[in-house]
Amino acid sequence: MPSTRILKADPNQPDPEVIAEAAQILRGGGLVAFATETVYGLGADATNPEAVARIFAAKGRPSTNPLIVHVADRVSAQDCVMIWPDQAEILAEQFWPGPLTLVLPRSRHIPDIVTAGQNTVGVRVPRLDVARWLILEAGRPIAAPSANRSLGVSPTLAQHVLADLDGKVDLILDSGPTTVGIESTVLDLSSDLPTVLRPGEITMEQIAEVLGETVVSLGHAAEPAKSPGQMDVHYAPRTRAYRVERDNLPKSPIIGQFAVLAIGGLPEGWNGPGNSFTSHGRLFVTFKPIYASRLLYFWLRELDLLGLDYLIVVAPPDEPRWRAIRDRIWRATRPW
Ligand code: TXA
Ligand code: MG
């Protein structure tokens with residue numbers, strides 16, 4: 001592949017000519033990276049096995065890890081699956097377009113390579129117009145994992161995609177920073193109980209309330225075979241990254257160059273920049289889940305460029321509204 005092109009595309013009102021050009025690349029079996037409300041995706045025609053193979057090659061992704069299929073609306077989602085249970089109808093009505101992926105038995109329109117041979121497929125309708133218009137214009141479902149190198153941090157800016165995949169993707173649509181900032185909730189509706197395979201902005205409590213039934217969650221990094229993307233180490237920056245619980249901060253001074261990300265606010269008993277913990281570290285603080293999720297990957301990626309000795313993430317409280325962010329922190333870091 002010669003080189004990667006970048007075109008600006010407004011997230012809510014993209015230029016139709018830009019969309020037409022991107023859609024043509026997809027129809028021709030090429031790769032286009034585009035913004036969704038969560039993170040940038042690396043898209044290919046989901047019905048074209050050779051195009052999908054290019055996704056795996058570009059990312060260095062193991063062929064055992066299935067891809068999410070993105071569609072423009074509920075009717076197109078139904079074409080990708082064999083059965084459409086009432087639960088799917090209710091959740092789609094409530095949360096689509098939005099950051100919820102539904103795992104259902106797949107239809108014959110979806111080739112093996114997309115689902116890594118599994119008999120289920122993950123489908124979702126992304127919220128940003130740029131994504132939905134692109135899918136509509138391409139006229140087919142679009143397989144799209146996060147547009148990063150396998151096991152790296154998901155991209156929330158077009159520049160992140162370029163840094164990881166320059167020369168490996170035909171076109172990047174630059175729609176600015178994504179707003180949710182972490183990946184969609186993945187919900188398995190193919191087993192006995194609705195099961196959250198990956199927590200996200202839409203919580204299991206919200207899902208349970210809308211469905212009026214019990215929803216379970218895979219424990220942290222449990223059953224990796226069920227959702228192969230949920231391997232323990234994932235989303236990791238190159239810099240050694242450690243997590244600390246806010247009620248158990250390091251007691252002794254930390255040597256070297258580091259940055260502290262205090263997610264969920266400064267921990268109690270924090271004495272400001274004078275304490276041994278932060279006397280010579282850079283400090284980044286965020287208080288609310290929506291901003292924490294928007295900034296987490298951005299910070300991890302930008303700080304990774306500084307060549308620090310470590311990154312230290314102060315974890316947010318163990319509460320439902322922080323669950324998805326704690327999950328991503330756990331995958332990006334090791335305990336101090
Ligand atoms: O927000 C998102 O979901 C982003 C944007 C681009 O839509 N996409 C994304 O894709 O995060 P990816 O491939 O990075 O993560 C997909 C996750 C993986 O953990 C994968 O194992 C799981 O979803 N998954 C996909 N299809 C599945 C299936 N049929 N059964 C179980 N897990 C599945
Ligand atoms: Mg990913």
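The values are calculated or read from the model by the stated rules, or taken from the named source; none is laboratory data. Keep in mind that this is a model prediction, so the values were computed, not measured. Cβ: placed from backbone, ideal geometry, glycine included. Neighbour counts: every protein chain shown. For accessibility, only protein heavy atoms count, side chains too; no ligands or nucleic acids. Shrake-Rupley method; radii C 1.70, N 1.55, O 1.52, S 1.80 Å.
Projecting label points 7 angstrom from Cα along Cα→Cβ for Ser63 and Ser150 puts them 1.1 nm apart.
A dipole drawn for the chain from +1 and -1 charges on Cβ atoms has a positive end, and of Val69, Leu173, Leu151 the residue lying farthest that way is Leu151.
Here region 5-217 carries DSSP beta bridges of which approximately 55% are antiparallel, counting only pairs with both residues inside. Note on the chain: with neighbouring protein chains present and a 1.4 Å probe, carbon and sulfur make up 52 percent of its accessible heavy-atom surface. Using C-alpha pairs below 8 Å separated by at least 6 residues, the relative contact order for the chain is 20 percent.
Taking amide H atoms as placed 1.01 Å from N in the peptide plane, the amide H of Val153 lies under 5 Å from those of Ala236, each 5 or more residues away in sequence or on another chain. In terms of accessible area, using a 1.4 Å probe and ignoring ligands and nucleic acids, Val180, Val285 rank largest first as Val285, Val180. Applying the Karplus relation 6.51 cos²θ - 1.76 cosθ + 1.60 with θ = phi - 60° to region 37-47 yields 3J(HN,Hα) values of 5, 8, 9, 5, x, 10, x, 8, 4, 5, 8 Hz, where x marks Gly and Pro.
Across region 98-103, rounded Karplus estimates of 3J(HN,Hα) from the backbone phi angles (6.51 cos²θ - 1.76 cosθ + 1.60, θ = phi - 60°) give x, x, 10, 9, 9, 9 Hz, Gly and Pro being marked x. Near the amide H of Val314, within less than 5 Å, lie the amide hydrogens of Val244, Leu261, Ala262, Ile263, all on another chain or at least 5 residues away, with H placed in the peptide plane.
Annotation: Met204 carries an accessible surface of approximately 40 Å², with a 1.4 Å probe and no ligand, DNA or RNA atoms counted.
Assuming R0 = 30 Å, can you tell me the calculated FRET efficiency for the pair Asn12 and Arg321, based on Cβ-Cβ distance, to the nearest 0.05? Calculated transfer efficiency: 0.65.
Under the convention that each Lys and Arg Cβ holds +1 and each Asp and Glu Cβ holds -1, the size of the dipole of region 5-217 around its Cα centre is about 700 debye. In this structure, Glu213 and Tyr242 have a Cβ-Cβ separation that, at R0 = 45 Å, corresponds to a calculated FRET efficiency of about 0.70.
Of the candidates His160, His109, His70, which one comes out as most mobile in a Gaussian network treatment of the chain with C-alpha springs shorter than 10 Å? Between His160, His109, His70, it is His109 that shows the largest mean-square fluctuation.
Using a 10 angstrom cutoff on alpha carbons, build the Gaussian network for the chain and name the most mobile of Leu283, Leu102, Leu26. Of the options given, Leu283 has the highest mean-square fluctuation. Taken over the Cα atoms of the chain, the convex hull encloses 122 Å³ per residue.
Helices assigned as whole DSSP H runs in the chain whose Cα atoms extend at least 15 Å along their own long axis and whose mean Kyte-Doolittle hydropathy is -0.5 or higher are found at 16-27, 49-59, 289-304. Accessible area per residue for region 43-189, computed on protein heavy atoms with a 1.4 Å probe, is 35 Å².
Kindly count the pairs of lysines across the chain whose alpha carbons are less than 27 Å apart, treating pairs on different chains or eight or more residues apart as eligible. The number of close lysine pairs in the chain is 5. Amide H to amide H, with H built 1.01 Å from N, Ala241 comes under 5 Å of Leu311, Arg334, counting only residues 5 or more places away or on other chains. When peptides 316-322, 193-199 are sorted by average Cβ neighbour count within 10 Å, with the highest value leading, the order is 193-199, 316-322. Shown in residue order for region 240-249 are the 3J(HN,Hα) couplings computed by the Karplus curve 6.51 cos²θ - 1.76 cosθ + 1.60 at θ = phi - 60°: 4, 10, 10, 10, 10, 6, 5, 9, 8, 6 Hz (x for Gly and Pro). Ordering Ala23, Leu211, Phe287 by Cα displacement along the dipole of the chain toward the positive end leaves Phe287 in first place; charges were set at the Cβ atoms of Lys, Arg (+1) and Asp, Glu (-1). Taken about its Cα centre, region 241-335 carries a charge dipole of about 240 debye when Lys and Arg each add +1 at the Cβ and Asp and Glu each add -1 at the Cβ.
Name the most mobile residue of Tyr40, Tyr291, Tyr235, meaning the one with the largest mean-square fluctuation, in a Gaussian network model of the chain with Cα contacts below 10 Å. Answer for the Gaussian network model of the chain: Tyr291. Taking other residues whose beta carbon is less than 10 angstrom from the beta carbon of Thr36, and scoring Lys, Arg as +1 and Asp, Glu as -1, yields +1.
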